[in-house]
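One structure is given here, and the rest of the page talks about it.
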Amino acid sequence: MTSLASLRDPWLVVLSFLWILFVIALGEAARRLGSFSPDVTRKVVHVGVGFWALPTALWFDSPWWAAACPLTFVLLNAISYRHRLMAVIEDDGRGSPGTIYFPLVFAGLILLLWPLGGRAASVAGLYAMGFGDAAASVVGRRWGRRRYTIGGTTKSWEGTAALAAVSFVAILLGTWAAGLDRPAWIASLGASLVAAAAEAPVGRGLDNLTVPLAAALTFWGLERIGS
């Protein structure tokens, strides 16, 4: 007999698509109707999609069904990146492979960590990317005054600090909501600091790979050590 969970997962895939399309539409509306810069509206999409890591971890049973939606958006975003179809998710209209990396790492963390009991860690990775990196971009562009350069990439200390601080709060709350018995203070702090370090030397969308991977694996490792 087909289990209730196996019937639920396909409907959750549909719900995931609807949520992401809603977030993209919201960002596009803000771009067209408001006086927001393309960077701000792109980060609205980042936050909205990153947030969905928590419902994904809580509601899906199968990691393969959970990864279906982000894997589909790898293809869709690759087409958009090539043909500049969705300005709201592109980097100031220029396009960025980061729009491909984000759903790719979303799916990868699910498939890698869920079988290892790392649902909360996958949330940590996506929350560092969705919330922390968005804060770094907004703060760095608006208030970043103290600059530093690593490997040819220039960032601001204000943006890096914002990434670490916002990531810490988002990871702490998100992973607790994902089902941990108690807030994982040390794992969240470690993940947020490593995420900030992983974002500092990279550009051109590569932070959409390095930040969530670094945060998720650090959180998973520290959680195992502390358990």
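Computed from the coordinates by the stated procedures, all read-outs in this text should not be read as laboratory data. In this text the structure is predicted, and so the values were computed from the model without any measurement. Neighbour counts run over all protein chains shown; Cβ positions are idealised from the backbone, glycine included.
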With θ taken as phi - 60° and the coefficients 6.51, -1.76 and 1.60, list the Karplus ³J(HN,Hα) couplings across region 124-132 in order, rounded to whole Hz; mark glycine and proline as x. 4, x, 6, 6, 5, 6, x, 8, x
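Full-extension gain between Arg147 and Phe17, please, as 0.36 nm times their residue separation minus the C-alpha to C-alpha distance. All intermediate terms of the calculation are to be shown ahead of the outcome.
Working: separation 130, 0.36 × 130 = 46.80 nm, distance 3.88 nm.
Fully extending the segment from Arg147 to Phe17 adds 42.9 nm.
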If each residue's Cβ is checked for other Cβ atoms within 10 Å, how do Asp207, Asp133 rank with the fewest at the top? Asp207, Asp133
Taking 1 over the mean of 1/r across every pair of different Cα atoms in the chain, what Kirkwood radius in Å do you get? 17.5 Å
Summing -39500 (n - 2.57) over the DSSP H runs of n ≥ 4 in the chain and dividing by its residue number, what mean residue ellipticity at 222 nm do you reach, to the nearest 500 deg cm²/dmol? -24000 deg cm²/dmol
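Which value, in debye to the nearest 20, gives the size of the charge dipole of region 4-226 about its Cα centre, when Lys and Arg are +1 and Asp and Glu are -1 at the Cβ?
On the way: 18 positive and 13 negative charges, 116 e Å.
So the magnitude is around 560 debye.
With a 10 Å Cβ neighbour count serving as the proxy for reagent exposure, in which order, fewest first, do Tyr81, Tyr101 appear?
Tyr81, Tyr101
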